[in-house]
Amino acid sequence: MSWVGRSIRRVEDPTLLRGVGMFVGDIGGAAAVRFVRSPVASGLIGAVRGPAYTIEDLDADGVGNIEAVLHRPDYVRLAQPLLARERVRYVGEPVAVVVGDTAAEAEDLAEQVELDIEPGPAAVGIDGALAPGAPLVHPDESDSNVMVAGEMATPGLAEALDRAHAVVDLETVSGRQAALPLEARGSHAVTERFGGRTTLHASIQAPHMVRTVICDLLGMPEADLRVVAPDVGGAFGQKLPLAREDAIVVWLSRRLGRPVAWIEDRSENLMASWHSREQRYRLRGGFDAGAHLEALQADVVANVGAWPCYPITWGVEPLMALAELPGPYTPEHYGVRSRGVASHTCPMSPYRGVSRPAITLALERLMDIAAARLGIDPVEIRRRNLQSEFPHTSPTGLRHDEGTYREAMEMAVRHVDLGAFRSRQQTARAAGGSQPGIGICTFSERTGYGTPAFAARAMGVTPGYENVELSMDPSGYVTARIGASPHGQGLETALSQIVADEVGTDPGRVRVVASDTDRTPYGWGSFASRAMVLAGGATYLAAQQLATQLGSVAAEVLEAAADDIFLADGRATVAGTSVGVEIAELARIAHHHTQRLPDGAAPGLSAQAGYDPAGTFSNACHVAEVEVDPDTGGVSVRRFVVVEDAGRLINPMIADGQIRGGVAQGIANALLEEVVYDEDGNILTTSLMDYLPPTVAEIPDIEIMHLETLSDATVTGAKGLGEGGTIGAPAAVLNAVNDALAHLGVELNEMPATPERVREAVRTATGTPAG
Amino acid sequence: MTEISPADVAVPVVLRVNGTDHRVSAEPRRTLADTLREECGLTGTHLGCEHGVCGACTVLLDGEPVRSCLLFAVQAQGAEIRTVEGLAGDDGTLHPLQEAFWRHHGLQCGFCTPGFLMLSTGVLETRPDIGDDELREALSSNLCRCTGYQTIVEAVRSVRDAAGA
């Protein structure tokens, strides 16, 4: 019996259910750090008065600048100080830092700090930042706000567009969103009085990377800094980049010789953590008479805020759009210009899905609009355009391994019974009032990025591989030390299932150690839907080695050939016989009676493996049914169907949990959540009264079905699916909203589709059906 | 004039939490959540927003779910306070809701979980036969960023149904 493929309960849960987990804010025993943040979007810093540390103190200690680098000629390279130097560039930028005995005292102290800032003009929003004469965010380094600009075109694009049977032009906009982990960021540092070694606990996704960059900034050996990510209350990308605050916390603990902690509050988190997704797409699609998308041209702009994030940089959104925009479709000709434009707003980091929710919105609106124009059904146009031959190489050179793009869509459409829906819709249209709509979204999710995928980005550091060390102790329990850093995904449980199958034990005898640089091999962490593929692959490879070692010990003990030994149910058995030995006994022998091991065998039981694939593509189809009230602009999601193909599912329950949570964030992206700035760069959404994550009232039950195309691009056959829900849901919902109002001639291509925007679209509608 | 620091005006407070009296000293401005976490050492009550929206800090005050970030410790004196740490039995047996959240995968990162457990404990104790729609409405008091809510609803419903069976 295999453990892989079973929905076993998570080993992570009992601690969390009892309320005895340890999040950063639970550690305590530290002085409280509070940042004094800029109240204006742009300005020159004069005096800073009060009991605070400033950039001058960091400079005096020789603390370095953050350099998030892309080796590209079109990339503007900057050195970012840990606290603002000379100018502030967004509301919430840290200018000074205070330390109090308690959090309340630190807040009191922060209020005593006076900042003299001469406000300047601010570039806000995509148009504001691109306008001629726009205020420059980094005037010393660049004479424009364009910080990265990628461009490519396949030969013959213009001609292909000229000869197209139908050309569809489209502009889509994605509003700025915040990842909003329920636990905001935070860090806690203690420096040993003797020896000077520092331990940083931080709510982060990539502890090894954070250790490297903080040590580089502070000029200390990595061996002198231990970084631990304890329980992390959600992250979704927001805790992937270096937080400048975390580096300052380490600096303060070393400078002051006392434990210090920074616990971000929600207002800081919304204002000054990281934002994402503010993007605009202008697409031109050329379709032939058979409704096949022959040529795709795109102009993409991402508002990337005031500073790059380390190590991903502010190229991540625009360059992902450039590389992945053709999505699951097969245009022969593709041309794109994709720019990241700086503004006087909070910096951007990758957030679950990164650019793909916006890419998918653009493509899926294009398909629906083209279908209407060409007089065919939204299902039919996708049927004619989705990838169906594999491997498929995209115009940007990405290799798509085998997927089930069409099959997933057909399955989803059968499940929702489109015919029955259309007749309900006809009835509703005749009756007036709230209108039902249905929206389809098909997409690919690139996952399992290893070194080759990241190397193509030419980053200053190239993430990728994952390492795993496995050992079996004398009691027969397995410890897996992993470089990845799970924070709620259930990776410990899933990896224990992989180990259990290979080693012939049960998952209860496997312990996974993660998120502690003192106890784990160097690795890159958990992000980009990669942990199951990367850490899972490395675990699988190491477990096979461990199984081989156990087999050779068993062969010696049982006087059989190693090839005849089977490991299962806690025993090593000679094939075809009942002769066997407990694995726990083999573990004793391997450690305590090494004289019984075969000649030349190393004592103990341990294995190490790294894994570094090129990457793979999951695929899915989402179908949303909504109800739109044309009079109020209110939209509610009535039904949501997902057909997902993420290859082999290690633990289907955990996979479904990832999909459901992702879809909820995607629905929020489509309808609710938006970070809003006024024209001066003041942020207006700094509480959960203004920024609206969904409650259970806004999220329907998600109906999930799976296809399992085992990937030949990964050793486990698993493809990764952490972001898919978030990627597909926005387009499915927007297509459904448009479908609901199609008879009024409404076309709404901006998300979130708030009641205000829906009303505006209804008011300005042509009154005749789109197409 | 002598400056009075906030600490100088701390007052003695007795909080009865999970059946145990905690004698603490708290400034009048100190919230119940901070006091539970820092003075009573009960860090299972989490702070997600500190302005009463997310519900991660939900505890029971005389059986009613309340936001402990919106109450001062001095207001809770004399009340029976229950937190997530008090849910499991003395022998460590998980409360039926804890079991159900585990079985139904009603948590991922676990940060909102104590708040949802206390909210649903309060709801089921006062309205054991609550209908599905009312239950959803009650659970819409709190935010979860990981699960999409469905499995939380299923977990709570399963406990309601088992108790009524």
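Rule-based calculations on the coordinates, nothing more; no lab input. Worth saying up front: this structure is predicted, and the values here are computed from it rather than measured. Glycine gets a Cβ as well: all are built from the backbone with ideal geometry, and neighbour counts include every protein chain shown.
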Requested in this report: For A:ASP143 and A:GLU679, calculate 0.36 nm times their separation in residues minus their Cα-Cα distance, and state this gained length in nm to one decimal.
Outcome: 190.8 nm
**Report entry** Neighbourhood net charge (11 Å Cβ-Cβ; Lys/Arg +1, Asp/Glu -1) for A:TRP524
**Finding:** -1
Query raised in the report: Using alpha-carbon positions, what is the distance between the centroids of the range A:225-251 and the range A:440-511, in Å?
Result: 20
Requested in this report: Calculate for the protein assembly as shown the 222 nm mean residue ellipticity that helices alone would give, adding -39,500 (n - 2.57) per DSSP H run of length 4 or more and normalising by residue count, nearest 500 deg cm²/dmol.
Outcome: -9000 deg cm²/dmol
Report task. Would you please give the FRET efficiency between A:HIS165 and A:ARG429, computed as 1/(1 + (r/R0)^6) with r the Cβ-Cβ distance and R0 = 22 Å, to the nearest 0.05? Result -> 0.15
**Report entry** Cut-off 15 Å, label 7 Å out along Cα→Cβ of A:ASP216, residues of the range A:299-320 by amide N
**Finding:** A:308-314
Report summary line: Label model pair A:ASP299, A:GLU380: point-to-point distance (7 angstrom along the Cα→beta-carbon line) in nm is 3.3
Report summary line: If each K or R counts +1 and each D or E counts -1, the residues other than A:VAL76 whose Cβ falls under 13 Å of its Cβ total -2
Query raised in the report: Could you work out Rg/(2.2 N^0.38 Å) for the range A:59-206, with Rg from alpha carbons only?
Result: 1.54
**Report entry** Top positive-direction residue, dipole computed over the range B:96-164 with Cβ charges, set B:PRO96, B:LEU119, B:CYS144
**Finding:** B:CYS144
Query raised in the report: Is the range B:6-86 best put as rounded, prolate or oblate by its Cα gyration tensor, with a ≥ b ≥ c the root eigenvalues, rounded for a/c under 1.5, and otherwise prolate when a/b is larger than b/c, oblate when not?
Result: oblate
Query - Tail fraction, Cα-Cα pairs, the range B:96-164, threshold 18 Å, whole percent - result: 24
**Report entry** Hull volume in cubic angstrom per residue (convex hull over the Cα atoms of the range A:465-611)
**Finding:** 102
Report summary line: Most exposed to least, judged by fewest other Cβ atoms within 10 Å, A:ASP26, A:ASP473, A:ASP690 sort to A:ASP690, A:ASP473, A:ASP26
Query raised in the report: What is the spread of the Cα atoms of the range A:235-342 along each of their three principal axes, largest first, in whole Å?
Result: 72, 24, 23
**Report entry** Nearest-20 debye value, the protein assembly as shown charge dipole, Cβ charges on Lys, Arg, Asp, Glu
**Finding:** 720
Query raised in the report: Can you work out the FRET efficiency for the pair A:ALA561 and A:ASP612, with r the C-beta to C-beta distance and R0 = 41 Å, to the nearest 0.05?
Result: 0.80
Query - Label-point separation, A:ASP599 to A:ARG258 (7 Å along Cα→Cβ), nm - result: 6.6
**Report entry** Where a label projected 7 Å from the Cα of B:SER140 along Cα→Cβ would reach, residues of the range A:618-660 with amide N under 15 Å
**Finding:** A:627, A:634-639
Query raised in the report: What is the calculated FRET efficiency for A:ALA420 to A:GLN544, with r their C-beta to C-beta distance and R₀ = 60 Å, to the nearest 0.05?
Result: 0.75
Report task. Largest first and in whole Å, give the semi-axes of the range A:511-562's equivalent ellipsoid, each being the square root of 5 times a Cα gyration tensor eigenvalue. Result -> 31, 13, 7
Query raised in the report: If you take every DSSP beta bridge whose two residues both sit in chain A, what share of them, in percent to the nearest 5, is antiparallel?
Result: 75
Query raised in the report: What distance in nm separates the simple spin-label points at A:ALA289 and A:GLU118, each placed 7 Å from Cα in the Cβ direction?
Result: 6.8
Requested in this report: Would you mind checking the radius of gyration and Dmax of the protein assembly as shown based on alpha-carbon positions, in Å?
Outcome: 28.1, 92
